[in-house]
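Asks: Okay, handing you the structure first.
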Amino acid sequence: MKRKIDVGELKSRLKRFLFGMKFMDGFIFKFVIYILLISFSYIYLYPILYMLVNSFKTVDDLINPGVRWVPTVFEWENYSRAFEVLEFPQSIFDTTWYVLKVSIAATVSSSIIGYGFARFKFPGKKILFAIMLATFILPSQVTMVANMIIYQRLDIMSSEWTMLLPAITGQGINAAIFILIFYQFYKTIPTVLMESAEVDGASQFRIFRTIALPLALPSFLIVFLFSFVWYWNETFITALYVGGAVTLPLKLQAFRASYELLFPPGTAGAELNEAIMLAGNMVTILPLLVLYFVAQRYFTESIDRTGITGE
Amino acid sequence: MKKKQATPKTPRRDFFLRQWLLKFKGFLAKYWEIFTQWWYRKISPFFSKIKYALTHNVVFRFEHQKITIFSFIKIRTTRRRIYAFYGFLFILIWLVGLAVFTLYPMFYSLYLSFNRAYYNLQQGVVTTWIGFQNFINIARSSILLPLFSDYLGRMVISVPLIIVFSIIIAVLVNNPIKMKGIWRTIFFLPVIISTGPVLNELMAQEATSLPSLQSSAVFNYLTNSLSPLIADPLTNILNSMLMILWYAGIPILVFLAGLQKVDPALYEAASIDGASAWDRFWKITLPSIKPLIGVNVVYVVVSMSLYVQGGGILDLARTHMLVGAPDSSIWYGYGYAAAIAWVYFLLMVIVMAVFARVFGGRRER
C-alpha cells in the first residue's frame, strides 16, 4: 500500500514547521535567535578563549600567523614559569585566607544591618536607607585621601585591618548591594512568624538568631560569593591600604618585574613572552572560574534577590 | 519640796567629778538629741535611698511598660519606641562606620581640596587654605584636561551602547529557547573575572577589539574624516569594544529578571488584537523594562568609572597623593588629589543624572 503524497498538505506542514502558528514558534525564528546568541557569546568569550589558547602557545606559534586556535604543541612550560613567578601555591592560600576573612566580615555585618532596616521602623529610616544606597556611587577614591589619614592615626596602615574595619562596619566594597540583598530577603519573611515568637517571650536578638538567620542562608551564600569575588578582584584600594603584593591579582600586576628578577634578561630561552603573561592571567582567574562554575546558580539568581525589579 | 531641794545639793557636796559628769551628760544629751534629729531627718533617708537603690534596680528598671532610669528619667515604652530602639541597635554598627569611614572622609577630603595639603611625619597633615586654586590648576592642567574629556567621551558613547546591547541580549534569552541557564552563565562570566590587571593585559595584547574591525573600511573612514576630539574616543572604544560589552553582565540579568515579571497574558491579548512581534516589543516589552534602565545606567557608570587605568585620572590622583611633597613641582599632594577625585565624582554624577533622565524619562511609580 503506497500512500499518496498530498503536495498541499506537505506544503502547509513545511510552512508550519518554518514559520509556526504565530511566527514566534517557527523554525526560522528560533534559528535566527540561536545564531544571534551564539555569535554574541562568541564575542563575549573571545578574550577568554584567546587567553586560554595563547597561554599554551610556544614562541613559534605566537609569531606564526597560520596558528590561531589550536597550538601545534601544548607548552606547559608557560604555566610552570607562571607558577614560579606568582609563588604558587603559597600565594593562592594567602590570598584565599585574606579574602575569606574580609568577605565573611562583610557578609555578617551586612546581614545584621539589613535586618535592622527590614524589620524595624524608626525615625529617619527612609533617609538613612537612601544614604545607604547612595554610598554605592561614592568612589573610594574620593574618600581615600582622608581615609589614609584616619588609618595612619589608628596605626593600622599596611595591615589587613584597613580592609576589615570598613567591611565590619558595612562600608566596604559594594556594601550597599549586600545590605540591599539582605534587606529584600528579610522583607519576604512573614512578620507573623516573628510576632508569634515575640508573644512567646523571645527577645529580638533571639528572634534574629533562631528565625531570621536560618531562613536567610541562601542570601548568605550569595552575598558571600559576591563579596569574595569582588574583594579578590579589587586591586586599587588593596594595593593602597594593605600593601603591594597581598593578593594574586596584585602579584600579577607586578608580573613583569618579578619575572625579570627570577629569570634575568639575557638568560637563554628565558625571555618573557605574551604566552607566559597570559598563563599568569589564567592562573589568577582560575580559582574564581572554578568557584563560578561550582556555584553558578547562586550568582545568576542574585539579581532576583536584590529585588530591584519590583514585586 | 524639801526632798527636791535636798537632792541636787548632796552630789555637789559629795563628788565634784560626778556633778561635772552629769552636767556634761545633760549637755551631751541635748546635743545628742539635736544630732539624732538631724540624722533622722537628713542622713537616714539618704541611706535608705542607697538601700532602695541596691535592692530595686535604680539604674535601669523596666516594669509596667515603663522604663525608669535612675528613678528620674521615666519613659513610657510603646511598641513603636521599642522597635525604634532595636532598629537603631541593629544598624548602630553601620551608623558608626558611615560616620567614620564615609561621611567624615568625604567632607574632610572636600575641605582638603580647598587646601594645599601635605603629609608630614612629625605634624601629620599640614594644610594651607588656598580657595579654589586646586580646581583652577586642574582646569589648566595639560595632562588632566584631555583625560577628563576622554572620560566624558567614553561614557557618552559606551553607556548607551551597553544599555542597548544588554536589552537585545535579554530579549533574546527571554525567548522560549533551550538551555537558558547556559546563556545566562556565559553572559555573566565577565563579572567574575574582570579584574584590573587581567583587563589591562588583554587590552595591551589587543584581544579586546573585534577581530576583523581593525582593518574594516568603516573604521578607517571614521578615524580619518572626523575631528580628533571625536575620533580619538571613538577609536579607543572600538579598540576596547569587547571590554565595554563585558560591562553588560549585570544589566543583562537585571533586564532579564524584569522581562520575566511581565504578564504573558499581556502579549496574548496584544497578539489577539493583531499586534505583530515588532509592535509587541515596542509597546509592551520596552515600556515594562524602562524603569530598570535608570538602575542599570547607575551601575554601568559606576563600574566603568571605577576601572583604574595606568596613567588614568584615578592613577594620577593616587600618585599626587603618595608622591606629593612641598618642594615637588610635579606632584601636588593630598589637596590636589582630593580635588581631582571630587571633580571626577561630580562628572560621574552628572553623567549618571543625564543618562537616567534621557533613557528612563520620568519614573511614574
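Asks: Any residue at all in region A:122-143 that is polar (S, T, N, Q), surrounded by fewer than 23 Cβ atoms within 10 Å (Cβ to Cβ) and either outside the structural domain of A:Leu291 (by TED's automatic domain parsing) or under 28 Å from B:Asn120 (Cα atoms) (or both)?
Replies: There is at least one residue in region A:122-143 that is polar (S, T, N, Q), surrounded by fewer than 23 Cβ atoms within 10 Å (Cβ to Cβ) and either outside the structural domain of A:Leu291 (by TED's automatic domain parsing) or under 28 Å from B:Asn120 (Cα atoms) (or both).
Asks: Out of A:Leu286, A:Leu225, report the one residue that is assigned to a helix (DSSP H, G or I) and either crowded, with 20+ Cβ neighbours inside 10 Å or away from chain B (no Cβ under 12 Å) (or both).
Replies: A:Leu225
Asks: So, one more: Given (1) surrounded by 19 or more Cβ atoms within 10 Å (Cβ to Cβ); (2) more than 11 Å from every other protein chain (Cβ to nearest Cβ); (3) under 22 Å from B:Leu346 (Cβ atoms), identify the lone condition not met by B:Thr285.
Replies: It fails just one condition, (3).
Asks: Can you tell me which of A:Phe27, A:Phe88, A:Phe56 is more than 14 Å from chain B (Cβ to nearest Cβ), of a type outside the set (Lys, Arg) and either over 27 Å from A:Glu274 (Cα atoms) or within 23 Å of the chain's Cα centre (by Cα) (or both)?
Replies: When all the criteria are applied, what remains is A:Phe88.
Asks: Looking only at region B:289-310, which residues are more than 10 Å from every other protein chain (Cβ to nearest Cβ) and within 11 Å of B:Gly258 (Cβ to Cβ)?
Replies: B:Lys290, B:Ile293, listed by residue number.
Asks: So which helices (runs of 4 or more DSSP H) are wholly in region A:152-209 and hold at least 2 residues that are closer than 24 Å to A:Glu301 by Cβ?
Replies: A:175-188
Asks: Of the residues that make up region A:83-91, is at least one assigned to a helix (DSSP H, G or I), over 30 Å from B:Leu89 (Cα atoms) and small (Gly, Ala, Ser)?
Replies: Scanning region A:83-91, I find at least one residue that is assigned to a helix (DSSP H, G or I), over 30 Å from B:Leu89 (Cα atoms) and small (Gly, Ala, Ser), so the answer is yes.
Asks: Of a type in the set (Gly, Ala, Ser), facing chain A (nearest Cβ under 9 Å), out of contact with any strand residue (DSSP E or B) (no Cβ under 9 Å at 6 or more places or on another chain) and not in a strand (DSSP E or B): is that true of B:Ser166 in this structure?
Replies: no
Asks: Testing A:Pro218 on (1) more than 10 Å from every other protein chain (Cβ to nearest Cβ); (2) crowded, with 16+ Cβ neighbours inside 10 Å, one condition comes back false. Which one is that?
Replies: (2)
Asks: Between B:Gly181, B:Gly196, B:Gly274, B:Gly258, which is in contact with a helix residue (DSSP H, G or I) (Cβ under 8 Å, 6 or more places away or on another chain), among the small types (Gly, Ala, Ser) and surrounded by fewer than 21 Cβ atoms within 10 Å (Cβ to Cβ)?
Replies: On the way: B:Gly196 fails: surrounded by fewer than 21 Cβ atoms within 10 Å (Cβ to Cβ); B:Gly274 fails: in contact with a helix residue (DSSP H, G or I) (Cβ under 8 Å, 6 or more places away or on another chain); B:Gly258 fails: surrounded by fewer than 21 Cβ atoms within 10 Å (Cβ to Cβ).
Of B:Gly181, B:Gly196, B:Gly274, B:Gly258, the one residue that is in contact with a helix residue (DSSP H, G or I) (Cβ under 8 Å, 6 or more places away or on another chain), among the small types (Gly, Ala, Ser) and surrounded by fewer than 21 Cβ atoms within 10 Å (Cβ to Cβ) is B:Gly181.
Asks: Mind listing whichever residues of region B:169-207 are within 9 Å of chain A (Cβ to nearest Cβ), more than 34 Å from the chain's Cα centre (by Cα) and among the polar types (S, T, N, Q)?
Replies: The answer is B:Asn175, B:Gln205.
The values are calculated or read from the model by the stated rules, or taken from the named source; none is laboratory data. The shown structure was predicted, so the numbers you read here are calculated from the model rather than taken from an experiment. Positions of Cβ are backbone-derived with ideal geometry, glycine not excepted, and every protein chain shown enters the neighbour counts.
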